[in-house]
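Quick notes on the structure that follows.
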Amino acid sequence: MGETGRARGPRGEYAKSARRREEIVDAAMQVFSESGFRDGSLRDIAERVGMTHAGMRHHFPTKAALLAAVLRRRDETALERGASARPRGVGVLREWVAATRRNVDRPALIDLEVTLAAEAIATEHPAHPYFIETYARAEQLLERAFREIQADGVLAPEITVTQAARVVLAATVGLQQLWMWDRNRDLVGELEFAVGSLITVPLGHS
């Protein structure tokens with residue numbers, strides 16, 4: 001009985017610590033999306049979760065470690081939502097637009113990407129390698145989808161698979177940035193138009 005009680009203790013402490021880390025990451029996502037990584041203050045993040053600066057550093061010793069956790073959270077959210085679909089061809093484009101639609105309902109994710117991506121253009125920024133890899137993987141995903149679309153005979157004429165993939169990626173990145181300036185823009189509708197212009201069948205709604 002006593003041993004069981006002692007065994008539960010660490011699990012309880014671990015769960016409490018894990019929840020605290022999640023709270024810190026949530027707050028960091030907000031701060032980094034509002035102020036960027038460079039100007040986002042660790043003290044501000046600590047205050048938002050009701051901790052001391054020293055207490056927060058117990059969970060995340062460095063600002064770069066916290067940034068890595070924020071970016072992992074962003075990726076896990078996207079993977080969790082898209083994992084069950086397993087689309088191909090035009091289905092990938094539909095899921096791509098659907099993911100943007102979901103992110104509009106969670107604007108902090110778009111704010112975070114646009115803000116950090118702009119900062120991370122600088123090669124010394126800790127997120128620079130992350131965004132190089134992220135955009136490369138996104139382009140590869142889109143190229144694979146457009147190869148399938150081409151094989152299905154529904155790729156728009158006079159455009160290559162690579163061109164189509166880069167147009168979708170560029171349209172997504174650019175429209176998200178414009179949407180941050182003006183939330184009244186129809187981000188999803190404009191993206192649907194751009195993506196739909198690359199295929200000869202209706203994109204439809206996912």
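What is the stretch 61-206's relative contact order, in percent, from Cα pairs under 8 angstrom and six or more apart in sequence?
Contact order relative to length: 27 percent.
Only helices at least 30 Å long along their own axis, judged from Cα atoms, and with Kyte-Doolittle mean hydropathy of -0.5 or greater: name those in the chain from DSSP H.
161-181
Kirkwood Rh, Cα Rg: Rg to Rh for the chain?
In the chain, Rg relative to Rh is 1.07.
Report the label-to-label distance for Glu190 and Ala64 in nanometres (one decimal), using points 7 Å from each Cα along the Cα→Cβ vector.
Result: 3.6 nm between the two label points.
Could you identify which residue out of Thr123, Thr160, Thr115 has the top mean-square fluctuation in a GNM of the chain using Cα springs shorter than 10 Å?
Maximum among the listed residues: Thr123.
Every number here is computed from the coordinates shown, using simple stated rules; none is lab data. Just so we're clear, the structure is a prediction, and the values are computed from it rather than from any experiment. Ideal geometry is used to build each Cβ from the backbone, glycine not excepted, and the neighbour counts take in all protein chains shown.
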